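In what follows, a single structure is set out as structure tokens and then discussed.
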Amino acid sequence: MRPVATRDGLLLDLSFVRRANRTVIDRRLFAWPFVLTRSFYLDPDRPGCLSVIVQTGSGAVHGEDSLAQRLVLDPGTAVCLTNQGATSVLRADPAACSTETVSLYVAGGASLEYLPEPRILFPDAALCQSVELDCANEACTLIVDAFTMHDPGGEARSFRELESTYCLRRSGSEPLMIDRTRLYRPDPDIFCGHRAFGSAFLMLTPSHDLTNLQSSLTTVLGRISGLYAAASVLPGSAGLGVRLAALDLSRIRAAFVSIRATYRRALLSVAEIQEARRHRE
């Protein structure tokens, strides 16, 4: 069921529909700090896929920011959404915490690539983020997330707190998976030299061969030096989950490129099979 279009404190609220074999924005509501300009069709393999770049006027996440986003994809749409670059999460007062809530609704036959750039956590930063995905059984979604730590004073000071929650559902059902991570004033020594961390969730359809995808993705990620990666099948065989730890952010970015390529190949392979079946019928 399509969510009711109310503001509900949202700072970014977008919906997408399919018109004339292309995805277009049907609802575009945004407020500070979000900025949305022109969108593009950049994918030669999927000319109807809409690429959206969300910008932030503030350029960073500040100590008491409360950000809320919602994306709604109607049947048959294809969207790739990212932002303009890595986002700094700045110091928060002891009693404050930055919050970000993202709600994603992907209808049957739709495909979403939600690709926010990594977060750079400054000393004493505190961020609580949650992402809730409701993906139809015959829809596909790729979500990535990453962070690294940075102390401009070169003193190896750490962020104060990071709490991250992912809730994945199929067609409004009970959650298939709830993934929570919480770090509080971590000692950098526990990371064993790793300075950047990431995760990815690939929600796929029953037509996909998850065993082969898991094997091929593990092989590709294993070729990136300085990266630790593990891919596993999500509960209910809903797709794949990937964990990443790396010496620096460049290796996380390289991993995301490989993960996205695997996701896109999976989409195109199923599309080719479906097209062949239509021709036979």
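The values are calculated or read from the model by the stated rules, or taken from the named source; none is laboratory data. These numbers were taken from a predicted model, which means no experiment stands behind them. Cβ coordinates were reconstructed from backbone atoms using ideal geometry, including for glycine residues, and neighbour counts include every protein chain displayed.
Return the only residue of L217, L115, L121 being under 25 Å from D93 (Cα atoms) and in contact (Cβ under 8 Å) with a residue 40 or more places away in the chain. Exactly one of L217, L115, L121 is under 25 Å from D93 (Cα atoms) and in contact (Cβ under 8 Å) with a residue 40 or more places away in the chain, namely L121.
What are the pairs, 6+ residues apart or on separate chains, where a residue within region 243-268 that is part of a helix (DSSP H, G or I) and modelled with pLDDT of 95 or more has its Cβ under 8 Å from a residue that is among the hydroxyl-bearing types (S, T, Y) and surrounded by 17 or more Cβ atoms within 10 Å (Cβ to Cβ)? Close Cβ pairs (under 8 Å, with a partner that is among the hydroxyl-bearing types (S, T, Y) and surrounded by 17 or more Cβ atoms within 10 Å (Cβ to Cβ)) amount to L249/T148; I252/T148. Restricting region 68-125 to residues that are more than 20 Å from L183 (Cα to Cα) and of a type in the set (S, T, Y), the residue that is surrounded by the most Cβ atoms within 10 Å (Cβ to Cβ) is T77. Going through (1) part of a loop (DSSP other than H, G, I, E, B); (2) touching a residue at least 60 places away in the same chain (Cβ under 8 Å) one by one, S173 falls short only on (2). Annotation note: Cβ proximity below 8 Å between a residue of region 17-33 that is in contact (Cβ under 8 Å) with a residue 40 or more places away in the chain and under 17 Å from Y105 (Cβ atoms) and a residue that is among the small types (G, A, S) and loosely packed, with under 15 Cβ neighbours inside 10 Å (sequence gap 6+ or interchain) occurs for R27/A5. Check region 155-169 and report whether any residue there is within 23 Å of D187 (Cα to Cα), in a loop (DSSP other than H, G, I, E, B), modelled with pLDDT under 95 and polar (S, T, N, Q). Yes, there is a match, as at least one residue in region 155-169 is within 23 Å of D187 (Cα to Cα), in a loop (DSSP other than H, G, I, E, B), modelled with pLDDT under 95 and polar (S, T, N, Q).
Condition first: surrounded by 16 or more Cβ atoms within 10 Å (Cβ to Cβ) and either at pLDDT 95 or above or assigned to a strand (DSSP E or B) (or both). Now tell me which residues in region 8-25 satisfy that.
Matches in region 8-25: L12, D13, L14, S15, F16, V17, R18, T23.
Here N137 fulfils each of the conditions (1) surrounded by fewer than 16 Cβ atoms within 10 Å (Cβ to Cβ); (2) among the polar types (S, T, N, Q); (3) without any contact (Cβ under 8 Å) to a residue 40 or more places away in the chain apart from (3). I'd like to check something: does region 195-206 contain any residue that is at pLDDT 90 or above, polar (S, T, N, Q) and not in a strand (DSSP E or B)? Yes. Would you check if Y114 is hydroxyl-bearing (S, T, Y), part of a strand (DSSP E or B), touching a Leu at 6+ places or on another chain (Cβ under 7 Å) and more than 16 Å from A146 (Cβ to Cβ)? For Y114, the condition - hydroxyl-bearing (S, T, Y), part of a strand (DSSP E or B), touching a Leu at 6+ places or on another chain (Cβ under 7 Å) and more than 16 Å from A146 (Cβ to Cβ) - is not met. Being modelled with pLDDT of 95 or more and over 29 Å from T101 (Cβ atoms) holds for only one residue in Q214, Q129, and it is Q214. Candidates L227, L234, L240: the one that is closer than 28 Å to A136 by Cα, modelled with pLDDT of 95 or more, touching a helix residue (DSSP H, G or I) at 6+ places or on another chain (Cβ under 8 Å) and buried (at least 17 other Cβ atoms within 10 Å of the Cβ) is L240.
Taken over region 26-40, the criterion of being of a type outside the set (S, T, N, Q), surrounded by fewer than 15 Cβ atoms within 10 Å (Cβ to Cβ) and part of a loop (DSSP other than H, G, I, E, B) is satisfied by A31, W32, R38.
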